[in-house]
Amino acid sequence: HRIGPEDNFFHCVKCNLCLATHLRGNHKCVENVSRQNCPVCMEDIHTSRIGAHVLTCGHLLHKTCYEMLFNKGAYRCPLCMQSAVDMTKYWEELDTEIAQTAMPSDYQNMIVKIMCNDCQLHSTAPFHVLGLKCKGCGSYNTAQDGGLITPQGQQ
């Protein structure tokens with residue numbers, strides 16, 4: 001169900017969803033995404049009178065559920081864990097903080113396997129308690145994908 005004037009919306013056949021005209025050709029299609037329940041409240045999105053918020057990954061949340069998550073500091077899609085907002089400035093702040101925070105000598109030069117939630121790259125990163133940076137996209141929205149790797153000659 002569309003909420004608002006018809007001129008402001010178009011129907012995406014693949015998503016099976018009415019979207020704001022500024023999203024035409026500018027959204028990630030997820031087939032029949034509107035037929036899924038909101039992953040936050042588990043209520044139906046398609047028949048809801050509450051507007052939907054389209055995340056950059058293509059998943060949908062009720063607008064009110066998205067706002068509630070955002071206000072609680074949850075900046076990732078609850079389904080795929082991709083960043084839901086542009087985190088570039090925060091990643092830059094984290095770069096600075098990590099550069100200024102030395103690791104204890106036991107952990108210096110340690111490497112860890114990671115998986116990036118934003119670009120899905122599996123790689124390695126220097127271990128740091130404040131964050132693990134993706135080599136591919138520069139995101140800190142990563143998950144550890146294995147234990148610490150001790151560099152050769154340091155055992």
Query - SER123 vs. criteria surrounded by 15 or more Cβ atoms within 10 Å (Cβ to Cβ), touching an Asp or Glu at 6+ places or on another chain (Cβ under 8 Å) and of a type outside the set (Phe, Trp, Tyr) - result: no
Report summary line: Within the stretch 90-107, residues touching a Phe, Trp or Tyr at 6+ places or on another chain (Cβ under 7 Å) and either surrounded by 16 or more Cβ atoms within 10 Å (Cβ to Cβ) or at pLDDT 95 or above (or both) come out as TRP91, LEU94
Query raised in the report: Which one of the conditions (1) modelled with pLDDT of 95 or more; (2) in the same structural domain as LYS14 (by TED's automatic domain parsing); (3) surrounded by fewer than 16 Cβ atoms within 10 Å (Cβ to Cβ) does ASN37 fail to meet, given that it meets all the rest?
Result: (1)
Query - From MET110, MET87, MET115, residue being more than 30 Å from ASN37 (Cα to Cα), crowded, with 16+ Cβ neighbours inside 10 Å and touching a residue at least 24 places away in the same chain (Cβ under 8 Å) - result: MET110
Report task. Could you please tell me which pairs satisfy a Cβ distance under 8 Å, a separation of 6+ or placement on different chains, a first residue in the stretch 50-64 that is farther than 16 Å from CYS80 by Cα, and a second residue that is at pLDDT below 90 and not aliphatic (A, V, I, L, M)? Result -> ALA52/SER34; HIS62/SER48; HIS62/GLY51; HIS62/HIS53; LYS63/GLY51; LYS63/HIS53
Query raised in the report: Looking at the stretch 128-135, is at least one residue basic (Lys, Arg) and either closer than 30 Å to ALA20 by Cα or assigned by TED's automatic domain parsing to the domain that holds GLY51 (or both)?
Result: no
Report summary line: Residues of the stretch 40-84 being among the hydroxyl-bearing types (Ser, Thr, Tyr) and either in contact with a helix residue (DSSP H, G or I) (Cβ under 9 Å, 6 or more places away or on another chain) or buried (at least 20 other Cβ atoms within 10 Å of the Cβ) (or both), in sequence order, are TYR66, TYR75, SER83
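The values are calculated or read from the model by the stated rules, or taken from the named source; none is laboratory data. Keep in mind the model is a prediction, meaning the values are calculated, not measured. Positions of Cβ are backbone-derived with ideal geometry, glycine not excepted, and every protein chain shown enters the neighbour counts.
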